[in-house]
Every structure is written in C-alpha cells, then in structure tokens.
1. Check Asp199, Asp177, Asp194 and return the single one that is closer than 20 Å to Val47 by Cα, acidic (Asp, Glu), within 16 Å of ligand 2 (Cβ to nearest atom) and in contact with a Phe, Trp or Tyr (Cβ under 8 Å, 6 or more places away or on another chain).
2. For the structure I just gave you, tell me whether Leu145 is at pLDDT 95 or above, assigned to a strand (DSSP E or B) and surrounded by 16 or more Cβ atoms within 10 Å (Cβ to Cβ).
3. With the requirement that a residue be surrounded by 15 or more Cβ atoms within 10 Å (Cβ to Cβ), in contact with a Lys or Arg (Cβ under 9 Å, 6 or more places away or on another chain) and not hydroxyl-bearing (Ser, Thr, Tyr), what does region 40-58 give you?
4. For region 55-76, which positions are more than 9 Å from ligand 1 (Cβ to nearest atom) and in contact with a strand residue (DSSP E or B) (Cβ under 7 Å, 6 or more places away or on another chain)?
5. Determine which member of the set Gly249, Gly280, Gly210 is on the phi > 0 side of the Ramachandran plot, away from ligand 3 (no atom under 15 Å from the Cβ), at pLDDT 95 or above and surrounded by fewer than 18 Cβ atoms within 10 Å (Cβ to Cβ).
Amino acid sequence: AAKADGRGVSRFFREEMLAGAQKRKRLEDDLRSALGDDEFHLVYQPVVSTRDQRIVGYEALLRWEHPTRGAVSPADFIPVAEECGMIEAIGEWVLRTACAEAANWPANVRIAVNVSAIQFANPALPAIVTSALATSGIGADRLELEITESVFVNDDASSNQMFKTLKGIGVRLALDDFGTGYSSLGYLRKAPFDKIKIDQSFVRGAIQAGNRNAAIIKAIVTLADTLGMETTAEGVEQQDEIKLISDLGCSHIQGFVYGRPARAADVRAQLDSGGSGAGGATPVGHRVSR
Ligand code: C2E
Ligand code: MG
Ligand code: MG
Ligand code: MG
C-alpha cells in the first residue's frame, strides 16, 4: 500500500508541477508581449517631508493591465520578468517613462524609480540612465534610484563601481525595504546612499504601546542621521502614525495616508491645481492639513 501511495503522490506532484510550469510559461509569454502591446503604465505615490508637510517627490510604481488577467501585481510579475530576462527592457521603459513624465512637474519635485538587482548588475545601466535624463531634460539630482539589499549579493567590486558611476552621473540613491533583507550593516559603510527607506513592516503596529517597531525605527533613523542619509517611512496609513513617525525623526513619509498611487495625468492636475489633491496628497508648496 505504501508503494502505491508513493506512486500516487509522485504522479500527483508531477501533474501539479507540469500545471505550474505551464501557467508560468503563459505568464512569461504574456509578459514578453506586454511592452509592445502597451499594457504597462506607471502610477506615482507622493513622498512627503515631515519637516514642512510638503510633497518633495513621487515614487513611480509599475502597473500591468492584462487584457484578460486584469491587473497583475508587480510583486507577482517583477520576479518573473527578472528570471526570464524581460526586466532589462521593462526597467528601461520605466526609467524613460518616469523621467519623461516628471519633466512636466515643477523642477523641485523629484522622481524615484525602482531598479532591480539584475539591472543594477548590468554595466549598461549608467548609459540608460544618462540617456533617460538627456531625453527628458530633467536634472540628474531629480532622479532617485531605489535599490534593495539584494544588489549586495553581487560581487563587491562591480557593485562598488556601479555605485561610483551612478553617483558620478549625479543621481540620488535610496536603499529600499531596509531591514527586510540580508540585514548586514557592512554595506552601509561604503555604499553612497542618500536615503534609507524603512520597510512598511516596521511601520505596521509601531503606534501600539509596547510595540518594538518604534524602537527599531528610532535606531534606523539614528544610524541614518549619523551617516548623513535621509529616511523615508513606507506604508504609513493612519493620521496618528504621521505624528509618531515624525517624532521618531524620519525625514520623509510615504503611504496611503497621503494618497494612493495615481496616474501621471492626475498627479499633473494635483500639482497644477495648487489645492489639496485626491486622497489627501499635498501639492508642492502647500501644507498637508492633518
Ligand atoms: P516598493 O518599491 O517597496 O513600493 C512600495 C509598495 O508599497 C507599493 O506596492 C505601494 O503601492 C505599496 N504601498 C505604498 N503605501 C502603502 C500603504 O500605506 N500601505 C500599504 N499596505 N502599501 C503601501 P506595489 O506598487 O504593489 O509594488 C510592490 C513592489 O514591486 C515594489 O515595492 C517594488 O519592489 C516592485 N516594483 C514596483 N514597480 C517597480 C518597477 O518599476 N521596477 C521594479 N524593479 N520593481 C518595481
Ligand atoms: Mg520602492
Ligand atoms: Mg519599499
Ligand atoms: Mg517592497
């Protein structure tokens, strides 16, 4: 009986794996045609200064609207794009599109773009960044590249060189999702980050009495301050979290409390109107009403 069960189980797994592989293959095929079929767009989420409650910039977030699947989350398709080699083309499109759309904003509004570790390991990245800047006409200091700790998996010499080259171009660098990755602090010694983005898992629950997250956020802020880096708390959803995060010393806040990510046209309207935008986001030069 044990043997029969074993065979049954293994056949079950074979079929499951096959079905999984076929599903995955279809997602890959769909991803390959998505760029050409114009199925991607960007949405932008405001980054607000805790000092004066003004919007200092926006983070570009990729959206894939598939004709039959509907909206596919970047958390689901970015890893697939990384594995099937599509991330280079998609990432370049994101950079160029984000810079072009930011060129329509006031010159003191920054644009942050997520860069995959695969793009970061490609020596072609600096040329793509330079070209996206030149084509759009925005200054290098308005572009902030967000990278995660996974870039440090690559060999030290080439990632150090990439950091140097990007800083040489004049763009800003942010360390995304801080605290969730390999958690070695060693790389903070050398990597020239302008900003640390504190992962939203630390913001979650920080407001509750006795929660350790507030202490961790404070420690990260102290570390960042000492190293001359800014800090953005990610995923701030509630009004009372704004005060806590500000009191903990974070220089910037991002989260649904200041607005859901919005299309370029809506961001433009928000910036133009000078009034309070949808979702409570605050246009440049205007304070957020709490
Ligand atoms: P991320 O770069 O850490 O982006 C922040 C994510 O948190 C976004 O999810 C955003 O919509 C979400 N978020 C912002 N505020 C709040 C909040 O108050 N509460 C909650 N619960 N969530 C909030 P999204 O857009 O689904 O993106 C997920 C991840 O996918 C991003 O994490 C980033 O790692 C990746 N990603 C998105 N766009 C791109 C891209 O253009 N290129 C690359 N390489 N990765 C991207
Ligand atoms: Mg990010
Ligand atoms: Mg993040
Ligand atoms: Mg994330």
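1. Details: Asp177 fails: in contact with a Phe, Trp or Tyr (Cβ under 8 Å, 6 or more places away or on another chain); Asp194 fails: in contact with a Phe, Trp or Tyr (Cβ under 8 Å, 6 or more places away or on another chain).
Among Asp199, Asp177, Asp194, only Asp199 is closer than 20 Å to Val47 by Cα, acidic (Asp, Glu), within 16 Å of ligand 2 (Cβ to nearest atom) and in contact with a Phe, Trp or Tyr (Cβ under 8 Å, 6 or more places away or on another chain).
2. Values: at pLDDT 95 or above: yes; assigned to a strand (DSSP E or B): yes; surrounded by 16 or more Cβ atoms within 10 Å (Cβ to Cβ): yes.
When the stated conditions are applied, Leu145 passes them.
3. As a first pass, look at region 40-58 and keep what is surrounded by 15 or more Cβ atoms within 10 Å (Cβ to Cβ): 40, 42-50, 53-58.
Right, trim to in contact with a Lys or Arg (Cβ under 9 Å, 6 or more places away or on another chain) and you get 40, 42-45, 47-48, 53-54, 56-58.
Hits for region 40-58 are Phe40, Leu42, Val43, Gln45, Val47, Val48, Gln53, Arg54, Val56, Gly57.
4. Ile55, Val56, Gly57, Tyr58, Trp64, Glu65, His66, Ala71, Val72
5. Values: Gly280 fails: at pLDDT 95 or above; Gly210 fails: at pLDDT 95 or above.
Going through Gly249, Gly280, Gly210 in turn, the sole match is Gly249.
Listed here are the residues, each with its yes/no results for (1) part of a helix (DSSP H, G or I); (2) within 13 Å of ligand 1 (Cβ to nearest atom); (3) of a type in the set (Phe, Trp, Tyr); (4) more than 27 Å from Ile245 (Cα to Cα).
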position: Val47; (1), (2), (3), (4): no, yes, no, no
position: Glu82; (1), (2), (3), (4): yes, yes, no, yes
position: Gly85; (1), (2), (3), (4): no, no, no, yes
position: Cys99; (1), (2), (3), (4): yes, yes, no, yes
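The values are calculated or read from the model by the stated rules, or taken from the named source; none is laboratory data. The shown structure was predicted, so the numbers you read here are calculated from the model rather than taken from an experiment. No Cβ is skipped: glycine too gets one built from the backbone with ideal geometry, and neighbour counts run over all protein chains shown.
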